[in-house]
Every structure is written in structure tokens, then in C-alpha cells.
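Reading through the C-alpha cells given below for one structure.
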Amino acid sequence: MKVTVEESCIGCGLCESICPKVFKLNEDNFAEVVVNHVESGDEKIVNEAEENCPVSAIKVRG
């Protein structure tokens, strides 16, 4: 599973609060992905972060 955060991110931090193993806010207060590959056990929670992103900036493939 590949996860990206698009430039439309508003830095609300919801993804980080839902799944801190995969997302964090960077020094500019925008979300970024901190892993190269999401483990199978984390897929459900990453999908939850994607579904709850208020600006649909999280994209999940695979």
C-alpha cells in the first residue's frame, strides 16, 4: 500500500491523530507520510485517515 499527501493539505493534524505510525505534521505544519510502505496491519487505520481528511489530501493506492 502506497500513501501520499497532496499539496491541498491544510495541516489540521487529523491524520496524525488517527495514525501516527504513518503520518506526522512537518515543520511547516502540513502532513507528510513517514513510512515507505504501510504494513498490512495498518491498512484499515490508514484508510480511516484517508476517509476522514477534510480536504481529501490523502491518497492511498495498492
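Taken as a whole, the structure leaves Val60 outside the set of residues that are within 12 Å of Lys2 (Cα to Cα), modelled with pLDDT of 95 or more and touching a Phe, Trp or Tyr at 6+ places or on another chain (Cβ under 7 Å). Do we find that Lys24 is under 10 Å from the mean Cα position of the chain (by Cα), without any contact (Cβ under 8 Å) to a residue 12 or more places away in the chain and surrounded by 11 or more Cβ atoms within 10 Å (Cβ to Cβ) in this structure? Taking the combined requirement at face value, the residue satisfies it.
If I filter the stretch 38-62 down to residues being part of a strand (DSSP E or B) and surrounded by 11 or more Cβ atoms within 10 Å (Cβ to Cβ), which single residue comes out as nearest to the chain's Cα centre (by Cα)? Among those that are part of a strand (DSSP E or B) and surrounded by 11 or more Cβ atoms within 10 Å (Cβ to Cβ), it is Ile58. In the stretch 40-62, the residues that are among the polar types (S, T, N, Q) form Cβ pairs under 7 Å with partners that are modelled with pLDDT of 95 or more, at six or more places apart or across chains, as follows: Asn47/Val60; Asn52/Leu14; Asn52/Ile18.
Go through the stretch 8-21 and give me each residue that's aliphatic (A, V, I, L, M) and assigned to a helix (DSSP H, G or I). If the condition is that a residue be aliphatic (A, V, I, L, M) and assigned to a helix (DSSP H, G or I), then Leu14, Ile18 are the ones that fit. For Gly13, the conditions (1) touching a Lys or Arg at 6+ places or on another chain (Cβ under 6 Å); (2) of a type in the set (Gly, Ala, Ser); (3) surrounded by 11 or more Cβ atoms within 10 Å (Cβ to Cβ) all hold with the exception of (1).
When the stretch 22-37 is filtered for residues that are outside any strand (DSSP E or B) and over 15 Å from Val60 (Cα atoms), the ones remaining, listed by number, are Asn26, Glu27, Asp28, Asn29, Phe30.
The values are calculated or read from the model by the stated rules, or taken from the named source; none is laboratory data. Here the structure is a predicted model, which means the values were calculated and not measured. Please note: Cβ atoms are built from the backbone with ideal geometry, for glycine as well, and neighbour counts cover all protein chains shown.
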